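Trainee: One structure follows; several queries about it will come next.
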Amino acid sequence: MEIFTLLETLEDILERSKTVPFTDKAVIDKEEFLEIIKEIRLKLPDELKQAKWVKEERQRILEEANKEAQDVVKEAENRIISMIDEHEITKKAYEQKAEIIEAANEMSREISNGTKEYADNVLQGIELALEDALKIIQNNRKELN
């Protein structure tokens, strides 16, 4: 910034100036000093405009970075939610699998028990038929004797 250069020039003029004996006062070239102040006044609006632009640009960049950060956080949250949902779906699938296996095992036990009961009933029927046949045979043998 040129204003700082001009201010440094003013400081140099003051430091090089002759001092009035026994005081803090200095003798300076009034015209040179006023010329530099005039240049500062002329440059000041440009410098202020540039500083304002830099400040606004900085603010814009910060807002943009903040928005991008929020977008990244939101995307991460959505991914986490998606992963949780997938986990829940997987968990429910495993639960359903366990239920299906348990139902199939129960059905298998029922079929097995039904088969045994059917076989027992058939065998009982055959046993009764054989007992009846045996009685008939025994009665026929008694009659023969």
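Trainee: With θ set to phi - 60° and the Karplus curve 6.51 cos²θ - 1.76 cosθ + 1.60, what are the ³J(HN,Hα) couplings of the range 48-62 in order, to the nearest whole Hz, using x for Gly and Pro?
Mentor: Running phi through 6.51 cos²θ - 1.76 cosθ + 1.60 with θ = phi - 60° gives 5, 4, 5, 5, 5, 4, 4, 5, 5, 5, 4, 4, 4, 5, 5 Hz.
Trainee: Calculate, in nm to one decimal, what residue 101 and residue 143 gain on full extension: separation in residues at 0.36 nm each, minus their alpha carbon distance. Intermediate results must be reported in sequence, preceding the final value.
Mentor: Working: separation 42, 0.36 × 42 = 15.12 nm, distance 6.16 nm.
Length gained, residue 101 through residue 143: 9.0 nm.
Trainee: Using the Cα centre of the range 1-135 as the reference point, and only Cβ charges (+1 on K/R, -1 on D/E), how large is the resulting charge dipole? Debye, rounded to the nearest 20. The partial results should precede the final answer.
Mentor: Details: 21 positive and 34 negative charges, 145 e Å.
So the magnitude is around 700 debye.
Trainee: Then there is this: Points 7 angstrom from Cα along the Cβ direction at residue 23 and residue 130: gap in nanometres?
Mentor: Spacing of the two 7 Å Cα→Cβ label points: 14.6 nm.
Trainee: Next question. Given H placed 1.01 Å from N in the peptide plane, which residues other than close sequence neighbours of residue 26 have an amide H under 5 Å from its amide H?
Mentor: Sorted by chain and number, the residues that satisfy this are 20.
Trainee: Oh, and also: HN-Hα J couplings of the range 72-78 from phi, Karplus 6.51/-1.76/1.60, θ = phi - 60°, integer Hz, Gly and Pro as x?
Mentor: Computed from phi, the couplings for the range 72-78 are 5, 5, 5, 5, 5, 4, 5 Hz.
Trainee: Same structure, new question: Name the shape class, rounded, prolate or oblate, that the alpha-carbon gyration tensor gives for the range 55-128, where a ≥ b ≥ c are the square roots of its eigenvalues, rounded holds for a/c under 1.5, and otherwise prolate holds if a/b is larger than b/c and oblate otherwise. Provide the component values of the computation, followed by the final result.
Mentor: Working: a/c = 19.13, a/b = 16.69, b/c = 1.15.
Prolate shape, in that a/c is at least 1.5 and a/b is the bigger ratio.
Trainee: A follow-up question, please. If you plug each phi of the range 101-108 into the Karplus form 6.51 cos²θ - 1.76 cosθ + 1.60 with θ = phi - 60°, what whole-Hz ³J(HN,Hα) values come out, in order, with x for Gly and Pro?
Mentor: Working through the residues one at a time gives 5, 5, 5, 5, 4, 5, 5, 4 Hz.
Trainee: Let me ask something additional. Residue 116 to residue 54: extension gain in nm, 0.36 nm per residue of separation minus the Cα-Cα distance?
Mentor: Net length gain for the segment: 13.2 nm.
Trainee: Here's another thing I want to ask about it. For residue 142, list the lysines whose Cα falls under 25 Å from its own Cα; do not include residues on the same chain fewer than 8 positions away.
Mentor: Answer for residue 142, where 25 Å is the Cα cut-off: none of the lysines qualify.
Trainee: Hey, which lysines would be in cross-link range of residue 38, C-alpha to C-alpha under 28 Å, not counting anything within fewer than 8 residues on its own chain?
Mentor: 18, 25, 30, 49, 52, 55
Trainee: Now a separate question. What distance in nm lies between label points placed 7 Å from Cα along the C-beta direction at residue 4 and residue 41?
Mentor: If labels sit at residue 4 and residue 41, their model points lie 2.5 nm apart.
Trainee: Let a ≥ b ≥ c be the square roots of the eigenvalues of the Cα gyration tensor of the range 22-68; is it rounded (a/c under 1.5), or, if not, prolate (a/b larger than b/c) or oblate? Working shown, then result.
Mentor: Values: a/c = 10.26, a/b = 3.02, b/c = 3.40.
Oblate, since a/c reaches 1.5 and b/c is not below a/b.
Trainee: Turning to a different aspect of this structure: Given a Förster radius of 41 Å and the C-beta distance between residue 89 and residue 61 as r, what FRET efficiency does 1/(1 + (r/R0)^6) yield to the nearest 0.05? Could the numbers behind the result be given before it?
Mentor: On the way: r = 41 Å, r/R0 = 1.01.
For residue 89 and residue 61, the calculated efficiency is 0.50.
Trainee: Computed from the coordinates I sent, mean projected area of the Cα convex hull in nm² equals one of (i) 19.6; (ii) 10.3; (iii) 9.1. Tell me the label.
Mentor: Step by step, mean projected area of the Cα convex hull in nm² for this structure corresponds to label (i).
We did not get these values from a lab; they are worked out from the coordinates using the rules stated. Quick caveat, the model's predicted, so the values are computed rather than measured. When we count neighbours, we look across all protein chains shown, and the Cβ atoms used for this are built from the backbone with ideal geometry, even at glycine.
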